[in-house]
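Any read-out appearing in this document is the output of simple, stated calculations on the displayed coordinates, not a laboratory observation. On a predicted model such as this, the values are computed, not experimentally measured, just so you know. FYI the Cβ positions are ideal-geometry reconstructions off the backbone, even for glycines, and counts take in every protein chain you see.
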Amino acid sequence: MRQFKIPTIPSSEITPEGVYRDRRRFMTAAALGPLALSMASSTVGSELSFLPASKVTTSGSSTDEALTPYEHVTSYNNFYEFGYQKDDPARYADRLSVDPWSISVGGLVNNPKTLALEDLLASVDLEERIYRLRCVEAWSMVIPWVGFPLASLLKQFDLQGSGKYVRFETLHRPSEMPGQKSLFSGIDYPYVEGLRLDEAMHPLTILAVGLYGKTMPNQNGAPIRLVVPWKYGFKSIKSIVKIDVVEDMPQTTWALSTPHEYGFYANVNPGVSHPRWSQSRERRLPSGLFSKNVIDTQMFNGYQEQVASLYSDLDLRIHY
Amino acid sequence: MWRKPFFLWPMLSLPFFYLLGLTVMGGLGADPAKELVHSTGEYALWLLMLVMLASPVQFILRRRQLFLIRRSLGVACFAYVFLHVLLYIATYLEGSLQALIEDLIKRPYIIAGAFAFIFGLAMALTSNDYSVRRLGIKWKSLHKSVYLMVVAVCVHIIWQVKFDYGEVILYSTFFALMFLLRGPSIRSRLVIKP
């Protein structure tokens with residue numbers, strides 16, 4: 001896996017070229033942190049966080065709960081494009097080539113365009129956000145993402161007034177994503193997710209390009225993925241290639257495949273149980289047999305204060 | 001050797017010790033509960049496949065080995081089913097009776113699983129020589145409930161599929177084939193005369 005390194009080594013053969021060319025971005029990001037100085041003087045080649053996890057919070061939206069260890073965050077994944085077992089993505093995702101990468105932004109915008117990832121990254125400020133991630137399967141993690149608000153990308157576009165939703169699409173490349181070749185799959189790839197425009201513009205909603213201060217591992221949705229911390233994990237679509245502003249509620253992958261189980265909103269809600277799982281509790285990973293870590297699930301995954309107002313006129317039992 | 005297979009129980013308990021080892025060594029990853037519940041269920045399923053295979057192998061290929069150890073395979077199968085259920089109650093439900101009742105009322109795949117468990121329990125409890133003698137002709141009909149168990153198991157796994165039917169199609173097709181081979185007309189045509 002590629003890692004960001006302190007860009008003082010005068011050679012682009014150590015650091016991947018894209019990252020290398022983008023070094024000022026990361027230095028800027030690092031400079032935001034109170035430890036910027038000590039970081040700049042730390043050993044060359046060490047695993048550098050852009051921002052040290054323990055020191056930086058972002059407008060109170062980061063949690064101070066114990067982080068889920070890196071090895072678990074990167075080996076326990078749902079990314080069906082690479083297989084259905086939790087360890088399949090870690091095993092097979094290195095087949096995916098993520099460089100070069102570009103995202104096309106279009107739909108109801110007056111200036112649609114396709115952005116190369118490095119150009120996109122040059123236009124935003126990266127920050128660390130430590131978020132709870134609650135999977136609909138009743139497990140959860142705490143992950144230090146590195147990313148930027150989705151709003152800061154969308155604001156670069158001239159949105160038409162009729163746009164009410166944002167639709168996201170994952171890469172479709174069966175040659176590198178074996179799961180997309182499956183014969184008996186319940187749905188058609190590519191994976192599609194969506195948000196209401198106000199959800200997409202919410203400051204908690206980010207596009208993440210890294211975790212634990214490193215570039216995003218492929219199995220976690222490299223090179224760029226959505227993170228919407230108050231919704232079940234499947235909303236946080238991975239390896240995004242296409243973002244469209246649309247008028248109608250997008251037909252999203254899970255909601256299409258099993259509508260009575262997965263809704264469009266998919267807000268974390270302990271009061272509405274899923275047909276397969278009660279949602280009132282969650283296994284906070286790692287949750288050992290002898291060191292059990294099962295906790296109550298919080299409304300909106302604990303982000304109630306920030307997001308509840310978005311849904312004040314929705315019956316969340318119907319719009320689950 | 002196949003009537004008193006000394007190697008059988010060590011072999012059948014290998015998966016158990018493998019899981020035990022992983023558990024103790026912390027090799028089950030981030031979510032050991034899920035891993036253990038899933039693995040024990042899978043081992044039980046494979047053993048059930050062997051059980052169902054025994055009879056067709058016996059009457060088609062005239063190989064009696066599998067048939068002779070069928071009862072042991074069945075008991076081992078249930079041992080894993082039992083572990084599977086125990087671990088599900090202990091970890092997923094945190095030992096809560098209320099959560100169990102809720103699952104049994106609300107979740108169809110759990111209901112199907114419960115039926116499979118009950119059929120398995122009935123057969124496992126009567127899988128000893130004493131019961132065989134005692135129940136006589138009734139023993140055979142009781143143990144025909146393995147067919148019901150297979151159906152319940154298939155429903156249990158099919159209803160859990162979220163996305164990809166590949167694996168359950170494979171398992172279900174296998175069991176359907178085992179059922180078909182037992183049909184009298186097919187069976188009589190397939191039997192190889194010794």
Checklist entry - Between B:S185 and A:K164, what is the label-to-label distance in nm when each label sits 7 Å out along the Cα-to-Cβ direction? => result 5.8
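Sort A:I130, B:I105, A:I143, A:I295 by Cβ crowding within 10 Å, fewest neighbours at the top.
Numbers: A:I130 20, B:I105 9, A:I143 23, A:I295 13.
Ranked by crowding around the Cβ, least crowded first: B:I105, A:I295, A:I130, A:I143.
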Next on the checklist: For Cα pairs less than 8 Å apart in space and 6+ apart in sequence, what is the mean separation divided by the residue count of the range B:24-112, i.e. the relative contact order in percent?
Outcome noted: 29
Checklist entry - Sequence-distant or interchain residues sharing an amide H contact under 5 Å with A:K164, placed H: which? => result A:V246, A:E247
Item to check | Convex hull volume of the range A:173-320 per residue (C-alpha atoms, cubic angstrom) | outcome: 156
Checklist entry - Counting other C-beta atoms within 10 Å, which of A:L154, B:L48, A:L159 has the fewest, and how do the rest follow? => result A:L159, A:L154, B:L48
Checklist outcome for this item: For the range B:14-190, averaging the sequence separation of alpha carbon pairs under 8 Å that lie six or more residues apart and dividing by its residue count, the contact order in percent is 20
Checklist entry - Can you work out ³J(HN,Hα) from phi for every residue in the range A:224-241, in order, using Karplus 6.51 cos²θ - 1.76 cosθ + 1.60 and θ = phi - 60°, giving whole Hz and x for Gly and Pro? => result 8, 9, 8, 9, 10, x, 9, 10, 4, x, 5, 6, 7, 5, 9, 6, 6, 10
Item to check | In degrees, nearest ten, helix B:166-182 long axis to first principal axis of chain B (Cα) | outcome: 30
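Using the Cα atoms of the range B:14-190 to build a convex hull, what is its mean projected area in square nanometres? Show your work: numbers first, answer last.
Numbers: hull surface 48.8 nm².
Spelled out: convex hull of the Cα atoms, projected over all directions, averaged, 12.2 nm².
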Next on the checklist: What are the ³J(HN,Hα) couplings of the range B:41-50, residue after residue, when phi is run through the Karplus curve with 6.51, -1.76, 1.60 and θ = phi - 60°? Round to Hz, x for glycine and proline.
Outcome noted: x, 5, 4, 4, 4, 5, 5, 4, 5, 4
Item to check | Simple label model, 7 Å out from Cα along Cβ direction - B:L8 to A:L316, nm | outcome: 5.6
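Send over the per residue convex hull volume for the range A:91-150, Cα only, as a whole number of Å³.
Roughly 159 Å³ of hull volume per residue.
Would you order B:C77, A:C135 from fewest to most other beta-carbon atoms within 10 Å of each residue's own beta-carbon?
Details: B:C77 25, A:C135 21.
Ranking B:C77, A:C135 by Cβ neighbours within 10 Å, fewest first, gives A:C135, B:C77.
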Checklist outcome for this item: Sorted largest first, the C-alpha extents of the range B:86-137 along its principal axes in whole angstrom are 40, 20, 13
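Dividing the Cα radius of gyration by the Kirkwood radius, what Rg/Rh value follows for the protein assembly as shown?
My calculation puts Rg/Rh at 1.04.
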Checklist entry - If you count, for every residue in A:76-84, the Cβ atoms of partner chains within 10 Å of its Cβ, what is the mean? => result 2
Checklist entry - Expressed as an acute angle from 0 to 90° and rounded to the nearest 10, what is the orientation of the C-alpha long axis of helix B:145-158 relative to the principal long axis of chain B? => result 40
Checklist entry - Among B:F175, B:S188, B:Y88, which residue has its Cα positioned farthest towards the positive end of the charge dipole of the range B:14-190, with +1 placed on the Cβ of Lys and Arg, -1 on the Cβ of Asp and Glu, and the dipole taken about the Cα centre? => result B:S188
Checklist outcome for this item: For the range B:1-97, the Cα-Cα pair-distance distribution in 10 Å bins from 0, as whole percents, is 16, 40, 27, 14, 4
Checklist entry - How long are the semi-axes of the ellipsoid equivalent to the range B:117-164, from square roots of 5 times the Cα gyration tensor eigenvalues, in whole Å, largest first? => result 30, 9, 5
Checklist entry - In whole Hz, what ³J(HN,Hα) sequence does the range A:77-91 give by Karplus (6.51, -1.76, 1.60; θ = phi - 60°), x for Gly and Pro? => result 9, 9, 8, 4, 4, 10, x, 9, 7, 4, 9, 4, x, 4, 7
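Efficiency by 1/(1 + (r/R0)^6): what FRET value for A:F184 and B:L148, r their Cβ-Cβ distance, R0 = 35 Å, to the nearest 0.05? Spell out each step's value before the answer.
On the way: r = 26 Å, r/R0 = 0.74.
My answer for the efficiency is 0.85.
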